[in-house]
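Here is the structure we will look at, set down as structure tokens.
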Amino acid sequence: MARRRTAILISGRGSNMSALIGAARAPDFPAEIALALSNRSDAGGLALARQAGVATAVVDHKIYAGRDEFEGSMQAMLDIHRIELICLAGFMRVLGAPFVARWRDRMLNIHPSLLPSFRGLDTHARAIEAGVKIHGCTVHFVEPELDSGPIIAQAAVEVRDDDTPETLGARVLTQEHALYPAALALVAAGRVQTDGARTRIATVRQG
Ligand code: GRF
């Protein structure tokens, strides 16, 4: 089966991007990382992508008159690279409804909490503050509302009494690096169907 051409959108250090690039090196991985696209030219992840031999592009949101123009330029870049799937990985721009609709069921995001708890920023500090015993991360399809959309996969992490946002966040990040490639593999293999707010994962038939 042809590997699905996938773009990773980043704004920062790109550790999830690196995990996806690493996983996609396996010959039987159903997605190929064809582009790392950043809205910031100083994103650390761009150098990591280049080192890994992945094409990079910068579409700087600051030079555009508005969101539509910025997203139009991103779409043009995605078209040039014949992208079929998008993974948001620490991409710090809110995307507009037309762009999200165009990529419906083909754009994934990773969020460092067990959604629908703790949408938005500072999730680890807020989880500790709220006193939850279980925290984690979520990969979901993107919908216009921030950090919402059908959940593809989640991983749970125990919250320890002595956790700080940093120690908890580090353990969640380790889980993110395993969860995101697993979720992308499911989507790229065509095994994820959305059904309203839910997804259903098809099992693989043997033999
Ligand atoms: C991760 O915690 C991810 O869950 C969130 O942004 C962070 C990105 O980190 N969406 P990195 O750039 O992948 O290292």
Going by average Cβ density within 10 Å per residue, which order do the peptides 114-124, 3-13 take, highest to lowest? 3-13, 114-124
Full-stretch length increase - Ala130, Ala65 - with 0.36 nm per residue and alpha-carbon distance subtracted: 19.4 nm
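Would you kindly state how much longer the chain becomes between Gln51 and Val204 on full extension, computed as 0.36 nm times their sequence separation minus their alpha carbon distance, in nm to one decimal? Show your work: numbers first, answer last.
On the way: separation 153, 0.36 × 153 = 55.08 nm, distance 3.43 nm.
Here the segment from Gln51 to Val204 would lengthen by 51.6 nm.
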Quick one: which residues, 5 or more positions from Glu32 or on another chain, have an amide H under 5 Å from its amide H? H modelled 1.01 Å from N in the peptide plane, none for Pro or chain starts. Arg4, Arg5, Thr6
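Once the piece of chain linking Ile80 and Glu145 is laid out straight, how much longer is it, given 0.36 nm per residue of separation minus the C-alpha distance between them?
Values: separation 65, 0.36 × 65 = 23.40 nm, distance 2.77 nm.
That works out to 20.6 nm of additional length.
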What residues of the range 86-125 lie in the reach of a label at Ala197, counting those whose backbone N is under 17 Å from a point 7 Å from the Cα along Cα→Cβ? 114-120
Here the membrane-span-like helices of the chain, with no claim about any membrane, defined by DSSP H, Cα axial extent at least 18 Å and mean Kyte-Doolittle at least 0.0, are 165-188
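Take the Cβ-Cβ distance between Arg104 and Arg13 as r, set R0 to 35 Å, and report the resulting FRET efficiency rounded to the nearest 0.05.
Working: r = 28 Å, r/R0 = 0.81.
Computed FRET efficiency for Arg104 and Arg13 comes out at 0.80.
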Modelled label-to-label distance, Arg119 and Thr164, 7 Å Cα→beta-carbon offset: nm? 3.1
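When a/c is below 1.5 the answer is rounded, else prolate if a/b is larger than b/c, else oblate, so apply that to the range 4-201 with a ≥ b ≥ c taken from the square roots of the Cα gyration tensor eigenvalues. Provide the component values of the computation, followed by the final result.
Numbers: a/c = 1.44, a/b = 1.39, b/c = 1.04.
Rounded, since a/c falls under 1.5.
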Solvent-accessible area of Leu186 with every protein chain in place, 1.4 Å probe, in Å² to the nearest 10: 40
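The values are calculated or read from the model by the stated rules, or taken from the named source; none is laboratory data. Note that the structure is a prediction, hence the values are computed from the model and not measured. Counting neighbours? That spans all protein chains shown, and the Cβs are built from the backbone with ideal geometry, glycine included. When the accessible area is computed, the model is the full protein with side chains, heavy atoms only, and any ligands, DNA or RNA have been set aside. Shrake-Rupley method; radii C 1.70, N 1.55, O 1.52, S 1.80 Å.
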